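Contents: one structure, followed by commentary.
The values are calculated or read from the model by the stated rules, or taken from the named source; none is laboratory data. Note that the coordinates shown come from a computational prediction; the quantities given were computed from them, not determined experimentally. All Cβ positions, glycine included, derive from the backbone under ideal geometry; neighbour counts span all protein chains shown. Only protein heavy atoms, including side chains, enter the accessible area calculation; ligands, DNA and RNA are left aside. Shrake-Rupley method; radii C 1.70, N 1.55, O 1.52, S 1.80 Å.
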Amino acid sequence: MQNGTQAVYFNNRKHGEDNYLIKILGPQSVLDAVFDGVSSGGQGGRASTLTKHRLRDANRIEGPEDVERLLGRANNALFKESHRRARTTGTVSLKIGDQLYVVNVGDSPAYLFRDGRVEELTTLDKDPYSLAALTQAVGDGSKLTYHRKQITLKPGDRIVLATDGITDNIYPDGLYERAIKDAENPDEAVGRLENLLKEKIRKNEGRDRQGPGPARGG
């Protein structure tokens, strides 16, 4: 299965601590990742940048084990330098042929949109009693526990990786209905998403009140 097309919505004006990466590995393989720095005083931005660079500069990424190894190295470097002051989420999708591997640490979700339904591909490290609190992040400690999922891709599948600047304001089903559904290409979907976020900012709205959350499927 050849690589598809992609587009990016990136707005770092408010906090300036997010990062993303698109790395073409071959005609049928590509790595996409998002990082959300979660520490204050610029430390989160440093953490997300370092983690991005570990993946960007790697000479070899052939499977999810390589992704986990690189995230582990970023974690060790950050923890050694800052002792939990510089932390970031990391969600990485690795497409190899028709196989998609998703590796995540933290609370930045990845979604599969297929046949009008959405499936969450990540296990989020969230405290169930305090949704604002992460239970794990890159840079958090001497050892990371990774969440990994593998799926077989089908023609027409659409994958979205996001940070909480998007998902705190739009339910996944709303993201599909308002931005992705019937979009002819990723650039059109990103344009719709940007307009939707501007509308919510203008109206001072968060998630739609009627939205129950993602419809499980796939």
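Here Asp187, Asp168 are screened, and the one residue that is under 23 Å from Asn19 (Cα atoms), surrounded by fewer than 17 Cβ atoms within 10 Å (Cβ to Cβ) and touching a Lys or Arg at 6+ places or on another chain (Cβ under 8 Å) is Asp168. Here Ala7 fulfils each of the conditions (1) touching a helix residue (DSSP H, G or I) at 6+ places or on another chain (Cβ under 9 Å); (2) modelled with pLDDT of 95 or more; (3) buried (at least 17 other Cβ atoms within 10 Å of the Cβ); (4) among the small types (Gly, Ala, Ser) apart from (3). Of all the criteria given as (1) without any contact (Cβ under 8 Å) to a residue 40 or more places away in the chain; (2) out of contact with any Gly (no Cβ under 7 Å at 6 or more places or on another chain); (3) among the polar types (S, T, N, Q), the one not satisfied by Gln150 is (1).
With the structure loaded, tell me whether Asn195 is at pLDDT 85 or above, more than 23 Å from Leu71 (Cα to Cα) and either touching a Gly at 6+ places or on another chain (Cβ under 7 Å) or in a strand (DSSP E or B) (or both) or whether it fails that test. No: the conditions fail for Asn195. Taking segment 42-62 as the range and being part of a loop (DSSP other than H, G, I, E, B), open to solvent by 80 Å² or more (accessible area, probe 1.4 Å) and either of a type in the set (D, E, K, R) or modelled with pLDDT under 95 (or both) as the test, the residues that pass are Asp57, Arg60, Glu62.
Taken over segment 77-95, the criterion of being assigned to a helix (DSSP H, G or I), of a type outside the set (Asp, Glu) and more than 21 Å from the chain's Cα centre (by Cα) is satisfied by Ala77, Phe79, Lys80, Ser82. If you go through segment 150-165 and keep only what is open to solvent by less than 70 Å² (accessible area, probe 1.4 Å) and in contact with a helix residue (DSSP H, G or I) (Cβ under 9 Å, 6 or more places away or on another chain), you end up with Val160, Ala162, Gly165.
Within segment 27-41, being surrounded by 15 or more Cβ atoms within 10 Å (Cβ to Cβ), under 14 Å from Arg87 (Cα atoms) and either at pLDDT 95 or above or not hydrophobic (A, V, I, L, M, F, W, C) (or both) holds for Val34, Phe35, Asp36, Gly37, Ser39.
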